[in-house]
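Below is one structure; the comments refer to it alone.
The values are calculated or read from the model by the stated rules, or taken from the named source; none is laboratory data. Just so we're clear, the structure is a prediction, and the values are computed from it rather than from any experiment. No Cβ is skipped: glycine too gets one built from the backbone with ideal geometry, and neighbour counts run over all protein chains shown. Just so you know, the surface numbers come from the protein's heavy atoms only, side chains and all, with ligands and any DNA or RNA stripped out. Shrake-Rupley method; radii C 1.70, N 1.55, O 1.52, S 1.80 Å.
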Amino acid sequence: MSKVRKSRVLVIGGTRGAGLLIARLLHQRGYQVRVLARNLAAAAAELGHSFEVVAGDLTKPETLPAAVADVDHIIFTAGAPSGRYAPERLVKATDYQGVVDTLAAARRAGFHGRFVYLNSIGIGTSSLAGTLINLLKRNTLVWRRRVEDDIRASDLDYTIIRVGFLLNRPAGGRAVVVGQDALPLAPRNRIARADVAEAFVEAMEHPHASRTTFEIVWGKGARQGSWNSLLDRLRPDPR
């Protein structure tokens, strides 16, 4: 008996950070994984031969059609590099225009899957940490809030996942809170990148995650319950 083909997933931002963990987890679960990369050699060396690596650059929209062609889902985790100063020109080109151009390329390609977007908590709630990040990466939270509106206004199925401060810790060690309130960007609201990777892979095809925006951070105590039980509680975004 032939096996059912697993979906082909494009991961934009899949060469580093949470995006890299997402790409690897998708592969472990049997998905066909395509990763957009500016440096093909470096990406292939990082990912190995089991991944399809395609050349592309978010700031060059003409490179995106080949990346989005014939994919079932798109996961977008890319953005201006964290931890150092980024001018607003670069922030807008990657954190905003890169997303908009990807949505446009997907529509032109006849994409009918789910677009899953990684964002930060705190984009709608003022905080000291948010102010500092907007100074370091010029107005990144402003552009990221604006691009959420573009995603929701598109005719694509989508899931927007806002994450807390990211840590390099194993998945499953702590309880995860999945909520739809606007948490402030603060060090107490944190989560492991590996937990984020699990959330993205689970939400990508979960029916209750369709056209939703939600936030994930660590809760108190040990992990309890399944991702299904957490995602089953989601409510669609207002139209």
task = With the full set of protein chains in place, find how many percent of the accessible area of the chain is carbon and sulfur; take the probe as 1.4 Å.
result = 51
inquiry  = Compute, for the chain, the length of the dipole vector about the Cα centre, with Cβ point charges of +1 (Lys, Arg) and -1 (Asp, Glu) only. Units Debye, rounded to 20.
reply    = 480
ask   = Hey, of (1) 35, 17, 16; (2) 29, 24, 15; (3) 25, 22, 18, which did the structure itself give for semi-axes √(5λ) of the Cα gyration tensor in Å when calculated?
value = (3)
query = How high is the relative contact order of the chain, in percent, counting Cα pairs under 8 Å that sit 6 or more residues apart?
reply = 18
inquiry  = Using only DSSP helix segments of four residues or longer, with each worth -39500 (n - 2.57), what per-residue ellipticity at 222 nm results for the chain after dividing by its residue count and rounding to 500?
reply    = -9000 deg cm²/dmol
Relative contact order [Cα under 8 Å, 6+ residues apart], the stretch 117-171, whole percent = 50
note = Note on the chain, DSSP bridge orientation, antiparallel percent to nearest 5 equals 10
remark   = Taking a label point 7 Å from the Cα of residue 208 along Cα-to-Cβ, the residues of the stretch 218-239 whose backbone nitrogen sits under 16 Å from it are 224-237
query = Which of the aspartates and glutamates could be linked to residue 92 by a straight reach, that is with a Cα gap under 20 Å, when you skip same-chain ones fewer than 8 residues away?
reply = 57, 62, 101, 148, 149, 150
ask   = Going toward the positive end of the dipole of the stretch 1-132, with +1 on Lys and Arg Cβ and -1 on Asp and Glu Cβ, which of 67, 36, 49 do you reach last?
value = 49
Bridge type composition, the stretch 162-239 - antiparallel percent by DSSP, nearest 5 = 45
key: Residues of the stretch 90-239: accessible area per residue with a 1.4 Å probe, Å²   = 45
